[in-house]
Amino acid sequence: MTADNPNKDPRDPVEVTQVIQNLSFPILRLLGYFLLIFSAIDYLAILIPPQLTNPGWELQAIGRMVDHVWSILLGLTFVFLYSQGNIIRPREISILKLLSWVSLIIGVFYLLLLPLGINNSFTIYRGMNNQFLNQQGQQQEQLQKVNERLQATNSTQELNNLARALNIPSNNISGQSTQELKNNLAQQLQQAVENSTTTAKAAKQAKINSLIKNSVRVNLGAVLSGVCLIAIWNMTAWIRRIDRNLG
């Protein structure tokens, strides 16, 4: 055994030898296994309880799985991280083979989420559009009923009550004849409906823009996640060939 150099300064840098490197890599592999366990727990929390007939839940679930894919990618990367001189035990070989095939299965699963995500995005869009059209139809129906009531009313008191219900200032209706009051109320009512329609259109467009951004992020993320996982499967072919090489 070589004696320690008594003149060596403890503040001098220490060279990382092959032995130190081999002792450090197991820390990353341990972290990789824990990341895979945590990711499995996260995926169970995302998918349970399932709401398979709800397109909003399905798109949200795909998005959350895309957001959590980094834990799987890092976990698999750390688990397969070995350096020269490392020894892989037979039990580890079986686990690594299994994880290699699991990466392929999960990668294909992510790719299969793409058509589901696109279909859910269009379903949600159609739902938004139908909701807007229904609201517009209800407003037009209410407008028609109020106009019919307005034309059938000849009492100034009832017209004044209707004006107050529409929040028309009293100085705008004082001194007006019955017909003038009717015309004023009809104009105010039409203006209120137009303002409501403009606001509804702006809200609808904002929701559509948000849906498009989220849909692109989710679906593109699903494709990239699938490709990365399949690439890991392809790059870990060495672990699946070990038995054949030994034979």
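The values are calculated or read from the model by the stated rules, or taken from the named source; none is laboratory data. Values in this document were obtained by computation on a predicted structure and should not be read as measured data. No Cβ is skipped: glycine too gets one built from the backbone with ideal geometry, and neighbour counts run over all protein chains shown. Note: accessible area is taken over every heavy atom of the protein model, side chains too, but ligands, DNA and RNA are not part of it. Shrake-Rupley method; radii C 1.70, N 1.55, O 1.52, S 1.80 Å.
Scan segment 11-30 and give yes if some residue there is closer than 30 Å to Y110 by Cβ, modelled with pLDDT of 90 or more and open to solvent by 80 Å² or more (accessible area, probe 1.4 Å), otherwise no.
Yes.
Which residue out of N147, N119, N134 is within 27 Å of the chain's Cα centre (by Cα) and either open to solvent by 70 Å² or more (accessible area, probe 1.4 Å) or not small (G, A, S) (or both)? Don't jump to the end; show me each part of the working.
Values: N147 fails: within 27 Å of the chain's Cα centre (by Cα); N134 fails: within 27 Å of the chain's Cα centre (by Cα).
The match here is N119.
List pairs: first in segment 87-111 and open to solvent by less than 60 Å² (accessible area, probe 1.4 Å), second among the basic types (K, R), Cβ under 8 Å, 6+ apart or cross-chain?
Every condition considered, the pairs that remain are K97/R240; S100/R240.
Taking F38, is it assigned to a helix (DSSP H, G or I), surrounded by 13 or more Cβ atoms within 10 Å (Cβ to Cβ) and at pLDDT 90 or above?
On the way: assigned to a helix (DSSP H, G or I): yes; surrounded by 13 or more Cβ atoms within 10 Å (Cβ to Cβ): yes; at pLDDT 90 or above: yes.
Against the criterion (assigned to a helix (DSSP H, G or I), surrounded by 13 or more Cβ atoms within 10 Å (Cβ to Cβ) and at pLDDT 90 or above), F38 qualifies.
Exactly one condition in (1) farther than 23 Å from A61 by Cα; (2) at pLDDT 75 or above is not met by A152; state its number.
Unmet condition: (2).
Go through segment 45-83 residue by residue and tally those that are within 16 Å of L112 (Cα to Cα) and open to solvent by less than 30 Å² (accessible area, probe 1.4 Å).
8
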